[in-house]
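**Student:** Below: one structure in structure tokens.
The values are calculated or read from the model by the stated rules, or taken from the named source; none is laboratory data. Worth saying up front: this structure is predicted, and the values here are computed from it rather than measured. Quick reminder, even Gly has a Cβ in these numbers, built from the backbone with ideal geometry, and neighbours come from all protein chains shown. With ligands, DNA and RNA removed, areas are computed over all heavy atoms of the protein, side chains included. Shrake-Rupley method; radii C 1.70, N 1.55, O 1.52, S 1.80 Å.
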Amino acid sequence: MRFLLGFLAVALCGTVCASPRAVAQQVSSSPGAKAEAKPVPGWFVDVTASKGLNFTHIASHTSKRYLIETMAPGVAFFDFDNDGRLDIFAVNGAPLKDPMVKGTLPQKDGPKSWNRLYHQKSDGTFEDVTERAGLQGVGYGMGVAAGDYDNDGFEDLYVTALGGNKLYHNRGDGTFDDVTEKSGTGGAGWSTSAAWVDYDNDGLLDLVVLRYMKWDFDDIWCGEHREGFRSYCHPNLFDSATPLVFHNDGSGKFTEVGQKIGIAKPGKGLGIAVADLDGDGHVDIFVANDSMAEFLYHNKGNGTFEEVGLASASALNGDGQTFAGMGVDFADYNNDGRPDVVVTTLANQSYALYENTGDGNFNYTTDRSGIGRITLLHSGWGIRFMDYDNDGWKDLLIAQGHDLDTIELTFTQLRYKEPMALIRNTGRGFVDVSNESGAVFQQAWASRGMAVGDFDNDGRTDAVVMTNDGPLYLLHNETPTPNHWLTLNLVGHKSNRDGIGAEVRVTTAAGMQMVTVSTASSYLSASDKRAHFGLGAEKAAQRVEIRWPSGIVQVLNNVAGDRILQVEEPAVPEAKDATRK
């Protein structure tokens, strides 16, 4: 994907400590607590096999090192049958010929390259229901976006690919209908991440689809001209591509409006996340671009956007340089009520962390926060802010691995396959607790997409991780903690039914936290739409305030924790009783 021009040898070390069960009492009990002398680890367990999951991604690596081989896949955590349990959709590739004929498109040729839908049964195991659901797919798949675009109460899927995307409508009976052609949402080119978002607040989810570059399987040699050293090419060798924006016109029809609304700047988009950066009630869009300036599309509130990445100081790193932006999240990590941004990069660049200053600008806080030191020698893809120990601070879970499978031939300090990273937010900075948080953080994978969600509804956020040309992994969060939690499942009525774009603020005696409802962010993936909050030592939230996309403000008082609460959008503001278990 890109060449490394220099290397800074920095030794990062970690001490393997005892099981977190021995140090559970050190967990911070409130969002206002100071950093502990000894970081509190998490505890994640690989339960893939025991839960009946057996998926292997087909990348079809060739001797030609076509760039697409190393970029996928994505995954979705979503509840397709409304049984209250998260299901999993895994995106797959397709066979590539060695060499490919320039201008041709790869196609799936059988079950090994099918996309897969796994339904979670009542006993917590998963069953493959792909064929019955009709989701085998076609083409070389990349990513997935989940959202209820027609407000019928069932989550639909949009699957991105090289050469044409697919929109699958959830019929509500366990099957999906390919409505791509009649909906007008196909699109051409190399699509990557996509996001469902109601950008004009009309109650219908629209669709933003990123495209990476203009691609035709041209045979280009990159890397050293000797056997075994040929590598994937830098993206600068290819032309950038414009994103697609499909406006939901209702009745299952969409219109592509990217140029019309101002989201048409050519980029090399890989990751997308949404939030309201300035609190004006209109959702904004951040795009992680590869080896060029990052994009921040500010919603002007009149149905159009302006790109303000450079103007807001969120387009470059602290030295004014571009970097290999891949995965992204747009969430409030410091509990000041404003969404911040984190972007994963390649090794020697450090992951980029931007603090929202509240005036439309951002401060680059990678080094001050500790993220720079922790991530300098690592390459990241899927990333999410998530409170793994429910202490009230959003931590970082990151899927890692270089894009160059030849990187170790040139830079012996770097690795193609890397362990996952778990980085704890202490409230005063970030601390790497990966080495102490379970065997999964010692295993080297070529990780790519990652989705998070509480798949067993025990109040602790789990993850599903995809690897390039390798297995899917389901990671169960078993962190021992005395902390409490609250998960809110929003149901919109005037707003879109998923409540995507809603801002949820939860206040306890220790302070306030904010979450934007969304299934997007990370890399090529879609996460659980439910809003999860760690309450620390508090057994209840004093106040829950929901700012719906419709403009309705709903306030709930004295909400008991340690449960999943469904919240219905009221017809009028400040309703106090529109909840049920």
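**Student:** Using a 7 Å offset from Cα along Cα-Cβ at Thr507, what residues in region 390-404 end up with backbone N under 14 Å from the label point?
**Tutor:** What the label zone holds, given the 14 Å backbone N cut-off, is no residue at all.
**Student:** Would you rank Trp548, Trp114 by solvent-accessible area, highest first, keeping every protein chain in place and using a 1.4 Å probe?
**Tutor:** Ranked from most to least accessible, the order is Trp114, Trp548.
**Student:** On to the next question. First select every other residue whose beta carbon is under 14 angstrom from the beta carbon of Gly110; then total the charges, Lys and Arg +1, Asp and Glu -1.
**Tutor:** With Lys, Arg at +1 and Asp, Glu at -1, the net is +1.
**Student:** With the calculation restricted to Cα positions, what are the radius of gyration and Dmax of region 449-566 in angstrom?
**Tutor:** Considering region 449-566 through its Cα atoms, Rg and Dmax are 15.2, 49 Å.
**Student:** In the chain, if the dipole is taken from +1 on Lys/Arg beta carbons and -1 on Asp/Glu beta carbons about the Cα centre, which of Asn165, Val491, Val572 is farthest to the positive end?
**Tutor:** About the Cα centre, the residue reaching furthest to the positive side is Asn165.
**Student:** Then there's this: Using only alpha carbon positions, build the gyration tensor of region 374-471, then give the equivalent ellipsoid semi-axes as the square roots of 5 times its eigenvalues, largest first, whole angstrom. Show your work: numbers first, answer last.
**Tutor:** Values: eigenvalues 123, 51, 20 Å².
Rounded to whole Å, the semi-axes are 25, 16, 10.
**Student:** Another question, if that's okay. Over region 235-354, what is the relative contact order in whole percent, taking alpha-carbon pairs under 8 Å and six or more residues apart?
**Tutor:** Relative contact order of region 235-354: 18 percent.
**Student:** Could you give the nm distance between label points at Glu478 and Thr322, where each point is 7 Å from its Cα heading toward the beta carbon?
**Tutor:** Those two pseudo-labels are separated by 4.6 nm.
**Student:** Would you calculate the convex hull of the Cα atoms in region 96-168 and tell me its volume per residue in Å³?
**Tutor:** Output value, Cα hull per residue: 111 Å³.
**Student:** Express the Stokes-Einstein translational diffusion coefficient of region 504-545 in µm² s⁻¹, to the nearest whole number, given a Kirkwood radius over alpha-carbon pairs, 25 °C and a viscosity of 0.890 mPa s.
**Tutor:** Reported coefficient: 213 µm²/s.
**Student:** Please report, in debye to the nearest 20, how large the charge dipole of the chain is about its Cα centre when each Lys and Arg carries +1 at its beta carbon and each Asp and Glu carries -1 there. Provide the component values of the computation, followed by the final result.
**Tutor:** On the way: 50 positive and 76 negative charges, 179 e Å.
With only Lys, Arg, Asp and Glu charged at Cβ, the dipole is about 860 debye.
**Student:** So what is the relative contact order of the chain, in percent, for Cα pairs below 8 Å that sit 6 or more residues apart?
**Tutor:** Across the chain, relative contact order equals 17 percent.
**Student:** Figure the gain on full extension for Gln566 and Glu306 (residue separation times 0.36 nm, minus the Cα-Cα span) and round it to one decimal in nm.
**Tutor:** Gain on stretching Gln566 to Glu306: 90.1 nm.
**Student:** Next up: Report, to two decimal places, the Cα Rg of region 188-298 normalised by 2.2 N^0.38 Å (N = number of residues).
**Tutor:** Normalised Rg, Cα atoms only: 1.29.
**Student:** Just how many % of Cα pairs in the chain lie over 48 Å apart, if you round to the nearest whole percent?
**Tutor:** Roughly 4 percent, rounded to a whole number.
**Student:** Work through the residues other than Val328 whose Cβ is under 12 Å from its Cβ and net out their charges, Lys, Arg +1 and Asp, Glu -1.
**Tutor:** Every neighbour counted, the sum reads -3.
**Student:** Find the accessible area per residue for the chain; the probe is 1.4 Å, ligands and nucleic acids are left out, and the unit is Å².
**Tutor:** Using a 1.4 Å probe on heavy atoms only, each residue of the chain averages 34 Å².
**Student:** As I understand it, the dipole of the chain uses +1 on the Cβ of Lys and Arg and -1 on the Cβ of Asp and Glu, about the Cα centre. Which of Ile407, Phe330, Ala288 lies farthest toward its positive end?
**Tutor:** Ile407
**Student:** Against the 2.2 N^0.38 Å scaling, with N counting residues, where does region 93-246 land? I'd like the Cα-based Rg ratio to two decimal places.
**Tutor:** 1.21
**Student:** Would you mind getting the Kirkwood hydrodynamic radius of region 344-406 from its Cα pairs, rounded to one decimal in Å?
**Tutor:** 12.9 Å
**Student:** Here is a further query. Students often get this wrong: which residues of region 66-88 have the backbone nitrogen under 18 Å from the point 7 angstrom along Cα-to-C-beta of Asp458?
**Tutor:** Hits in region 66-88 for Asp458 at 18 Å: 85-87.
**Student:** Same structure, new question: Could you work out the relative contact order of region 361-449? I mean the mean sequence separation of Cα pairs under 8 Å and 6+ apart, divided by the number of residues, in percent.
**Tutor:** Once normalised by length, the contact order is 28 percent.
**Student:** Could you tell me what percent of the accessible area of the chain is made up of carbon and sulfur, with a 1.4 Å probe and every protein chain present? Walk me through the numbers before you get to the answer.
**Tutor:** Details: 9570 of 19840 Å².
The C+S portion of the solvent-accessible surface of the chain is 48 percent.
**Student:** In the chain, what % of DSSP beta bridges are antiparallel (nearest 5)? It would help to have the intermediate numbers written out before the result.
**Tutor:** Values: 114 of 120 bridges.
Close to 95 percent.
**Student:** Okay, helix-only estimate at 222 nm for the chain: each DSSP H run of n ≥ 4 adds -39500 (n - 2.57), divide by all residues, round to 500 deg cm²/dmol; what do you get?
**Tutor:** -500 deg cm²/dmol
**Student:** Using only the alpha-carbon atoms, what does region 426-491 span along each of its principal axes? Please give whole angstrom values in decreasing order.
**Tutor:** Extents along the principal axes, in whole Å: 37, 34, 20.
**Student:** Excluding Gly143 itself, what net charge comes from residues whose Cβ is under 14 Å from its Cβ, given Lys and Arg +1 and Asp and Glu -1?
**Tutor:** +3
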